[in-house]
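Below is one structure, written out as structure tokens, with a few remarks after it.
Bear in mind these aren't lab numbers, they're just calculated from the coordinates by the rules spelled out. If you're wondering where the values come from, they're calculated on a predicted model, not measured in any experiment. Here Cβ is always computed from backbone atoms with ideal geometry, including for glycine, and neighbour counts include all displayed protein chains.
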Amino acid sequence: NPELRLHLRLLPYSEDFWLLIARDITNTMRVEQMRRDFVANVSHELRTPLTVVHGYLEMLDEGDDPQWAPILEEMRRQSLRMTRLVEDLLTLSRLDAGEGLQDEVVAMAPLLAGLVREAEALSQGRHHIVLEDTAQVDLRGANKELHSAFSNLVSNAVRYTPDGGMITLRFAHETDGGVSLGVHDTGHGIAAIHLPRLTERFYRVSNSRSRESGGTGLGLAIVKHVLGLHGARLCITSELNKGSQFVCRFDADRVLARKPLTYARTS
Ligand code: ADP
């Protein structure tokens, strides 16, 4: 049976014998695949109507009646949140499907500069944003996915840090020959009890604050998945009311010498 999937475990039984336990997981995997396909299909089907609704909401103006303004604003906010949710679900489905990621040169100088611009746009001058790039190397991996992972960390840092706080992006060498990209904030912080579950899908520390922030509860699940596909790890440390650090650690085999930027000359 080409579909047969077995889970094998080899255990020491006595001095001379080993025990081989084979469990048939064909059905479990089939059900899991059906669940994934279902989520992917539903998300895909929701995408178009949501885009239409959001588009029309953007076009509607409040007219003469001021009581419509807050209602329309809330409808736009919620439709944007739903759109984000659908996009995040589709991203996770794509990652789950395990379609091979691109193996590209990820030029870190423009990527980091882009992340700083994103942070500034989200923060709108409410935070102090700092970039420390001491590694001066590039990475080998998938540009789009890594960008979306880092971007999630940056947007969290901005959303969970009160005005006046500081957000630092630190790209640095590690002692083992690898590199790390850390997003450090001086925000609300997270109690230790939540840390092990933070990258689970839809896990949120404080529902009201997270919902207000416009998040989907899927951001860190995406980050962990993308890093896993690059053989990298996400290390989270945090202290309540002091701030958090989300550090992505890449092994040495992902590190490439950085090429100097070349500029096209215009005459
Ligand atoms: P969300 O879309 O809700 O932000 P995430 O998966 O990105 O979902 O994050 C999960 C939860 O982890 C968030 O709801 C929030 O409670 C917490 N969190 C994430 N990043 C930070 C941070 N930088 N500071 C404090 N809490 C954070």
Charge-dipole axis of region 81-218 as Lys and Arg at +1 and Asp and Glu at -1 on Cβ define it, positive-most pick from 113, 101, 149: 149
Computed lengthening from residue 73 to residue 1, 0.36 nm per intervening residue step minus Cα-Cα distance: 20.3 nm
Region 74-179: GluC sites (Glu not before Pro) in DSSP coil with no more than 16 other Cβ atoms inside 10 Å: 99, 174
Residue order, fewest to most beta carbons within 10 Å, for 18, 68: 18, 68
Proximal charge balance of residue 197 [Cβ under 13 Å; K/R count +1, D/E count -1]: +2
Alpha-carbon centroid distance for the pair region 175-235 / region 1-31, whole angstrom: 34
Nitroxide proxy distance, nm - points 7 Å out along Cα→Cβ at residue 42 and residue 176: 3.8
Computed helical MRE - 222 nm, the chain, DSSP H runs ≥ 4 contributing -39500 (n - 2.57), nearest 500: -14500 deg cm²/dmol
Estimated distance in nm for a label pair at residue 35 and residue 194, the labels positioned 7 Å out from Cα along Cα-to-Cβ: 2.5
